[in-house]
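The values are calculated or read from the model by the stated rules, or taken from the named source; none is laboratory data. Please read all numbers here as calculations on a predicted model, not as lab measurements. Glycine also receives a Cβ, built like all others from the backbone with ideal geometry; neighbour counts cover every protein chain displayed.
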Amino acid sequence: MKATYDYLIVGAGLFGAVFAHEATRRGKRCLVVDKRPHAGGNIYCREMDGIQVHYYGAHIFHTDNRRVWDYVNRFVTFNRFTNSPLANFEGRLYNLPFNMNTFYQLWGTRTPEEARARIEQERAPYAGIAEPRNLEERALKLGGRDIYERLIKGYTEKQWGRAATELPAFIIRRLPFRFTFDNNYFNDRYQGIPEGGYNALIDALLSECEVRLGTDYFAHRAELDALSDAVLFTGCIDEYFEYCFGRLEYRSLRFDHRVLETDNFQGNAVVNYTERSIPYTRIIEHKHFAFGTQPTTVVTYEYPDDFAPGKEPYYPVNDERNSRIYDRYRTLADNCVDVLFGGRLAQYTYADMDDTVEAALRLSEEVLR
Ligand code: FAD
Ligand code: UDP
């Protein structure tokens with residue numbers, strides 16, 4: 001007997017939503033389920049006091065991928081938001097990413113020549129580090145001790161809950177270094193926030209699909225599997241295989257959302273707190289993502305948190321041990337018939353939204369031909 005659906009899609013996050021849209025458009029019958037009470041996964045926004053609050057952390061869409069940019073622009077219009085975070089260290093503010101403004105704030109250097117000379121001097125003691133063995137060594141080799149201690153060490157150690165000497169160097173690949181007065185955090189050609197927030201994008205993608213929220217796949221596994229010919233699973237891969245090779249490690253976060261009776265709390269969407277002794281890593285003021293003029297404001301304090309069963313897995317810990325465990329799950333996944341795996345949890349990877357859209361489009365092209 002033919003099943004009711006061609007695809008059961010577990011997870012209504014960005015990956016699941018793009019795949020569901022592509023499958024439905026090609027005439028496939030899809031059922032999307034999510035255990036949360038809303039669609040959107042981590043890009044979900046909740047409206048508070050007329051402000052779109054990035055409920056699971058600040059999300060800025062940025063990409064160099066023209067196909068992905070054109071794709072998302074078919075569903076929503078993006079505003080002109082450019083991410084230019086500030087760092088607060090011991091009460092002083094510094095521009096990020098590291099650029100001429102930052103160097104001026106750190107050392108008073110006014111020209112690229114002065115700044116380069118100063119950085120050379122800062123780096124000189126670490127020239128002997130050929131291949132950095134950990135994050136601390138990479139940071140010191142890149143910019144010297146002053147930048148490391150004021151802007152990297154404290155933030156990184158609280159974010160990851162480990163000493164920087166025990167963290168892989170690749171984590172700070174995303175901190176560009178510039179000799180212009182340019183505070184744009186990203187180098188990508190396209191950037192912005194969807195007008196009306198990210199739910200507008202998810203709602204448009206899922207507009208033709210059947211969606212069941214508040215439905216945990218594992219609580220109804222046999223019954224849901226029986227409804228469809230194939231499954232796309234975007235949840236945690238170790239959970240799918242009942243942790244048979246052990247649990248993958250994650251870093252979690254705790255978000256403290258607050259409505260404040262002021263129209264402008266910090267004058268910027270993102271302010272990082274780079275001291276170790278301050279327990280949160282950043283404060284997000286959401287109205288600035290949309291140039292809001294509401295009389296009140298909503299801010300979110302973001303606290304890094306140890307992961308434990310029952311908490312949200314936000315960042316995979318892609319060290320050697322976890323990569324080995326993941327590879328074993330991946331082999332099982334590759335041998336599953338009629339089950340596809342996609343998205344950041346099933347692939348145990350940190351993927352930005354543009355990579356997520358690209359991966360979901362590729363998978364749909366591959367299997368829906
Ligand atoms: P998710 O959004 O996690 O969706 C997976 C869904 O599956 C969830 O809704 C979950 O509830 C559901 N699910 C899991 N298990 C089950 C189950 N058993 N049954 C039913 N449903 C289940 N990217 C950017 O490009 N720019 C940014 O600025 C940016 N900032 C970020 C900040 C933070 C704090 C984090 C964590 C990520 C950020 N990202 C950013 C990355 C972005 O969030 C991801 O690229 C994107 O959300 C991945 O989508 P996904 O569908 O793979 O995963
Ligand atoms: N980072 C830092 N200081 C900062 C911001 C970031 O040292 O003020 C480091 C930190 O190790 C972090 C990494 O850069 O884990 C990536 O940070 P980013 O904000 O780019 O990524 P996100 O945490 O939003 O994924």
Exception for Ala269 within (1) within 15 Å of ligand 1 (Cβ to nearest atom); (2) under 30 Å from Leu31 (Cα atoms); (3) modelled with pLDDT of 95 or more falls at (2)
The listed residue being more than 28 Å from Gly267 (Cα to Cα), within 16 Å of ligand 2 (Cβ to nearest atom) and either basic (Lys, Arg) or buried (at least 19 other Cβ atoms within 10 Å of the Cβ) (or both), out of Leu31, Leu14, Leu106, Leu96: Leu14
Residue check: is Ile152 more than 30 Å from Thr24 (Cα to Cα) and either more than 16 Å from ligand 1 (Cβ to nearest atom) or assigned to a helix (DSSP H, G or I) (or both)? yes
Would you point out the residue of region 123-141, among those that are within 14 Å of ligand 2 (Cβ to nearest atom) and in a loop (DSSP other than H, G, I, E, B), that is farthest from the chain's Cα centre (by Cα)? Pro132
Residue in region 198-212 that is modelled with the lowest pLDDT, counting only those that are farther than 30 Å from Asn318 by Cα, of a type outside the set (Lys, Arg) and within 16 Å of ligand 1 (Cβ to nearest atom): Cys209
Criterion violated by Asn318 - all others in (1) at pLDDT 95 or above; (2) within 16 Å of the chain's Cα centre (by Cα) satisfied: (1)
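Here is a yes/no grid of residues against (1) in a loop (DSSP other than H, G, I, E, B); (2) within 15 Å of ligand 1 (Cβ to nearest atom); (3) of a type in the set (Lys, Arg):
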residue: Asp182; (1), (2), (3): yes, no, no
residue: Asn187; (1), (2), (3): yes, yes, no
residue: Leu232; (1), (2), (3): no, yes, no
residue: Glu239; (1), (2), (3): no, yes, no
residue: Cys244; (1), (2), (3): yes, no, no
For the condition buried (at least 22 other Cβ atoms within 10 Å of the Cβ), more than 6 Å from ligand 1 (Cβ to nearest atom) and outside any loop (DSSP other than H, G, I, E, B), what is the one hit in Ala23, Ala39? Ala23
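If you check Asp225, Asp229, Asp238, which single one turns out to be more than 16 Å from ligand 2 (Cβ to nearest atom), modelled with pLDDT of 95 or more and buried (at least 20 other Cβ atoms within 10 Å of the Cβ)?
Exactly one residue qualifies, and that residue is Asp238.
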Going through region 120-163 in order, the residues found to be closer than 28 Å to Thr281 by Cα, aliphatic (A, V, I, L, M) and either surrounded by fewer than 19 Cβ atoms within 10 Å (Cβ to Cβ) or in contact (Cβ under 8 Å) with a residue 40 or more places away in the chain (or both) are Ile147, Leu151, Ile152, Ala163
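Restricting to region 182-203, name every residue that is surrounded by fewer than 18 Cβ atoms within 10 Å (Cβ to Cβ) and either acidic (Asp, Glu) or under 20 Å from Tyr56 (Cα atoms) (or both).
Scanning region 182-203 gives Asp182, Asp188, Glu195, Gly196, Ala200, Asp203.
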When both residues are 6+ apart or on different chains and their Cβ atoms are under 6 Å apart, which pairs have a first residue that lies in region 33-58 and is more than 15 Å from Ile284 (Cα to Cα), and a second that is of a type in the set (Asp, Glu) and near ligand 1 (Cβ under 7 Å from one of its atoms)? Lys35/Asp216
